[in-house]
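The values are calculated or read from the model by the stated rules, or taken from the named source; none is laboratory data. All figures in this text were calculated on a predicted structure; none of them were measured in a lab. Methodologically, a virtual Cβ is constructed for each residue, glycine included, from the backbone with ideal geometry; neighbour enumeration extends over all protein chains shown.
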Amino acid sequence: MASPELRSKYEYKVVEKAQASGHKALKVDVVKQSSDMAIANLYHYFQKV
């Protein structure tokens, strides 16, 4: 399980990058409900985009 500080940082970055890329479904409430693995995958996906 990710530390709360690290997860919060990743959540913020995922939402920020998703909004910049036009992904309307990845909003704060949706990302907060996601698993640690999903957050990690999304974070790495947006690093490559």
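Brief remarks follow.
Rundown of residues vs (1) at pLDDT below 95; (2) touching a His at 6+ places or on another chain (Cβ under 7 Å); (3) part of a helix (DSSP H, G or I), yes/no style:
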{"position": "M1", "(1), (2), (3)": "yes, no, no"}
{"position": "V14", "(1), (2), (3)": "no, no, yes"}
{"position": "A18", "(1), (2), (3)": "no, no, yes"}
{"position": "K24", "(1), (2), (3)": "yes, no, no"}
{"position": "V30", "(1), (2), (3)": "no, no, yes"}
{"position": "A38", "(1), (2), (3)": "no, no, yes"}
{"position": "H44", "(1), (2), (3)": "no, no, yes"}
{"position": "Q47", "(1), (2), (3)": "yes, no, yes"}
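- Entry remark, the stretch 31-43: residues being surrounded by 12 or more Cβ atoms within 10 Å (Cβ to Cβ) and out of contact with any helix residue (DSSP H, G or I) (no Cβ under 6 Å at 6 or more places or on another chain) number 6 in total.
- Residues of the stretch 1-23 that are hydrophobic (A, V, I, L, M, F, W, C) and surrounded by 17 or more Cβ atoms within 10 Å (Cβ to Cβ): V14, V15, A18.
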